[in-house]
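Comments concern the structure below.
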Amino acid sequence: MKIPLFQVDAFTGRLFGGNPAAVCLLESWLDDHVLQSIATENNLSETAFLIPREGCYDLRWFTPKAEIDLAGHPTLAAAHVVFELLEPGLSRVRFLSPSGPLTVTKEEDRLAMDFPSRPGKPCPPPEPLLRGLKAVPKEVLLARDHLAVFETEDQVLALSPDMAALSELDSMAVIVTAPGREVDFVSRFFAPKMGIPEDPVTGSAHCTLIPYWSERLGKKELRARQVSERIGELWCRDQGERVTISGQAVLFLEGQIHLGPSLTHQEEIS
């Protein structure tokens, strides 16, 4: 069995920037352990699995360690593959995902993703968070992930976390953020529990970052930068219960995964 594979750099307009994601095109769902093994073998922050349906695509995401409920950069990567390779005449694509329907629309040289808003609620800073960050944030909130807010971009850049300590948290991951010097806000994202010590650019984190910064800054349109080593650029819009997260994407490679007969047992998931 041969599975088409694409690797796309997401949230960047240049190769070797942003966050690389794998996109695998399937005809029907493989067993979950096979999907997980492919994602582990790819060893990228996320692998997206895509199945064409009538008028839409099924979409799931796996890190090297587990399936996750929502992921931004592999959704952007999947949309790029649809628009550029699978259906070049399309300007809007609808995905059916574990987090419900998600749409991505072409807007000039960017792709705009419509995602659920996930505002955080203030919480006391857990001891593993303070020990893991080796710094005391100005405030801490909790949604799916912990959000640690610092006063300056330099503080965010200077963090060198203890990943073992952060792995002790009940949340999936830790977002750190501060006002930006050149953009509205900057962030970094640490998810060692999911096999991702630091994610280069994290779309789903902005489901929590956007409502926070929109309220704090009193504006609906926001520019964001994830200040990892690879750097990611994001254009954001707060729409209440939904957020728009926009960015560019660049195709890096396309090829095939070869699976032997013992790995190609398939089960349909309704």
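The values are calculated or read from the model by the stated rules, or taken from the named source; none is laboratory data. Keep in mind that what you see is a predicted model, and the values were worked out from it rather than measured. Positions of Cβ are generated from backbone atoms using ideal geometry, with glycine treated the same way; all protein chains shown enter the neighbour counts.
Looking at (1) within 26 Å of P101 (Cβ to Cβ); (2) at pLDDT below 95, find the lone condition where G195 falls short.
(1)
Does the range 14-25 include one or more residues that are aromatic (F, W, Y) and surrounded by 15 or more Cβ atoms within 10 Å (Cβ to Cβ)?
Within the range 14-25 (the criterion being aromatic (F, W, Y) and surrounded by 15 or more Cβ atoms within 10 Å (Cβ to Cβ)), the answer is no, since none of the residues qualifies.
Can you find a residue in the range 91-106 that is at pLDDT below 95, closer than 24 Å to E254 by Cα and under 21 Å from the mean Cα position of the chain (by Cα)?
no
Go over the candidates F115, F83 one by one and state the one that is in contact with a helix residue (DSSP H, G or I) (Cβ under 8 Å, 6 or more places away or on another chain), at pLDDT 95 or above, buried (at least 18 other Cβ atoms within 10 Å of the Cβ) and not small (G, A, S).
That would be F115, the only listed residue that is in contact with a helix residue (DSSP H, G or I) (Cβ under 8 Å, 6 or more places away or on another chain), at pLDDT 95 or above, buried (at least 18 other Cβ atoms within 10 Å of the Cβ) and not small (G, A, S).
If you go through the range 117-138, how many residues are basic (K, R) and in a helix (DSSP H, G or I)?
So the count comes out to 1.
Looking at the range 144-155, I want the residues that are within 15 Å of G120 (Cβ to Cβ) and have a partner that is of a type in the set (F, W, Y) and crowded, with 18+ Cβ neighbours inside 10 Å with Cβ atoms under 7 Å, at least 6 apart or on another chain. Which pairs are those?
From the range 144-155, the pairs are L147/Y212.
Considering the range 53-90 alone, what residues qualify as being in a helix (DSSP H, G or I) and more than 18 Å from G232 (Cβ to Cβ)?
V81, V82, F83, E84, L85, L86, listed by residue number.
Against the definition (closer than 28 Å to D109 by Cα and either out of contact with any Gly (no Cβ under 9 Å at 6 or more places or on another chain) or buried (at least 20 other Cβ atoms within 10 Å of the Cβ) (or both)), how does S37 come out, yes or no?
No: the conditions fail for S37.
Among the listed residues L96, L157, L111, L141, which satisfies the condition of being in a helix (DSSP H, G or I) and not basic (K, R)?
Going through L96, L157, L111, L141 in turn, just one is in a helix (DSSP H, G or I) and not basic (K, R): L157.
Each row is one residue, and each column tells you yes or no for (1) touching a Lys or Arg at 6+ places or on another chain (Cβ under 9 Å); (2) in contact (Cβ under 8 Å) with a residue 40 or more places away in the chain.
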| site | (1), (2) |
| --- | --- |
| A173 | yes, no |
| S187 | yes, yes |
| P192 | no, no |
| L222 | yes, no |
